[in-house]
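See below for the structure under consideration.
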Amino acid sequence: MDKSGIKPGRLIYGGSFNPVHIGHLRLALEACRLLGPFVRKVDFVPAACPPHKKSSGLLPFSMRAELVRLSIDGISCLECNVIEEDLPEPSYSERTIRAIAAMRPDEELFFLLGSSDFALLPEWRNGRDLPRLCNFAIAPRGDLDFAGFVAMAQQIWPGNVIVPQKQAAGLCACGPGMVSFVELSGGRKLFYLPVPFLDVSATYIRKLWLCGEDVDFLLPGQAIALLDRERKAVEACWRGNY
């Protein structure tokens, strides 16, 4: 266990991954690097049935999971977790994190979110209660600085946010970026991760691919090859939305 009181654990990165792309992959690697000794593995968790997205445009769960597996092949710190395949629908984060916690009782859990999703946490099913299950790792978007992040956390959990005197935890052993955090009264931590933002969207990739345009370097070659092999099935899912 680290002197902070947090034992090494696992970062949960959920999403529809329709398809997974370099923005997702690089964010996972940067988060793992910055959190240093706190995180040994990052679990990509494809959503089986996202409650906030239309299912008509989603590739089948098995195909999205396979795209993730192919994309992270050979990267030891990244894994694909298909736990939502066996969970009830829709895919609520609280249910998923609770199931992972039951599966891995000896690991500390961290939940990776962009700051835009973090701001919407009060609208999620039991979103404010998620710190009972895990710590948070927040990737800022736009011009959100640490002060803005603290204000956002205080708005979500009024009266329960503790700001340490020294903001820079400096968890990463080398390279750019200093990690800052706040602590909730129950002991869970909310990490602010200064990661670079790659402005790549799955929507843009889908449109390019459907038009027969080059999507090289937007997602790994193995993933592109799978999409091309399954062109008929992929088009049936994606084309109706554009």
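Values for this structure:
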{"quantity": "Per-region count, the stretch 222-242, residues free of Cβ contacts under 8 Å to residues at least 60 places away in the same chain, open to solvent by 50 Å² or more (accessible area, probe 1.4 Å) and part of a helix (DSSP H, G or I)", "calculated": "7"}
{"quantity": "Residue in the stretch 82-111 that is least open to solvent (accessible area, probe 1.4 Å), counting only those that are charged (D, E, K, R) and in a loop (DSSP other than H, G, I, E, B)", "calculated": "107"}
{"quantity": "Residue tally, condition open to solvent by 30 Å² or more (accessible area, probe 1.4 Å) and in contact with a Ser or Thr (Cβ under 8 Å, 6 or more places away or on another chain), over the stretch 201-221", "calculated": "0"}
{"quantity": "The stretch 180-200, residues that are among the basic types (Lys, Arg) and open to solvent by 20 Å² or more (accessible area, probe 1.4 Å)", "calculated": "188"}
{"quantity": "Which numbered condition residue 173 fails, given (1) modelled with pLDDT of 90 or more; (2) within 22 Å of residue 11 (Cα to Cα); (3) part of a loop (DSSP other than H, G, I, E, B)", "calculated": "(1)"}
{"quantity": "Sole exception among (1) at pLDDT 95 or above; (2) in a strand (DSSP E or B) for residue 151, by number", "calculated": "(2)"}
{"quantity": "Top-ranked residue in the stretch 62-81 [being under 19 Å from residue 227 (Cβ atoms) and open to solvent by 30 Å² or more (accessible area, probe 1.4 Å); ranked as nearest to the chain's Cα centre (by Cα)]", "calculated": "80"}
{"quantity": "Within the stretch 48-61, considering residues that are assigned to a helix (DSSP H, G or I) and touching a residue at least 24 places away in the same chain (Cβ under 8 Å), the one most open to solvent (accessible area, probe 1.4 Å)", "calculated": "56"}
{"quantity": "Number of the exception - residue 45 against (1) in a strand (DSSP E or B); (2) touching a Lys or Arg at 6+ places or on another chain (Cβ under 9 Å); (3) surrounded by 22 or more Cβ atoms within 10 Å (Cβ to Cβ)", "calculated": "(2)"}
{"quantity": "Residue within the stretch 14-37 that is over 18 Å from residue 237 (Cα atoms), of a type outside the set (Lys, Arg) and assigned to a strand (DSSP E or B) present", "calculated": "yes"}
{"quantity": "In the stretch 26-40, residue farthest from residue 240 (Cα to Cα) [restricted to those that are surrounded by fewer than 20 Cβ atoms within 10 Å (Cβ to Cβ) and modelled with pLDDT of 95 or more]", "calculated": "29"}
{"quantity": "Hits in the stretch 133-150 (condition: more than 18 Å from residue 33 (Cα to Cα) and open to solvent by less than 10 Å² (accessible area, probe 1.4 Å))", "calculated": "134, 149"}
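The values are calculated or read from the model by the stated rules, or taken from the named source; none is laboratory data. All values derive from a computational prediction rather than experimental measurement. Glycine also receives a Cβ, built like all others from the backbone with ideal geometry; neighbour counts cover every protein chain displayed. Each accessible area value is taken on the protein alone, full model and side chains, heavy atoms only, with ligands, DNA and RNA left out. Shrake-Rupley method; radii C 1.70, N 1.55, O 1.52, S 1.80 Å.
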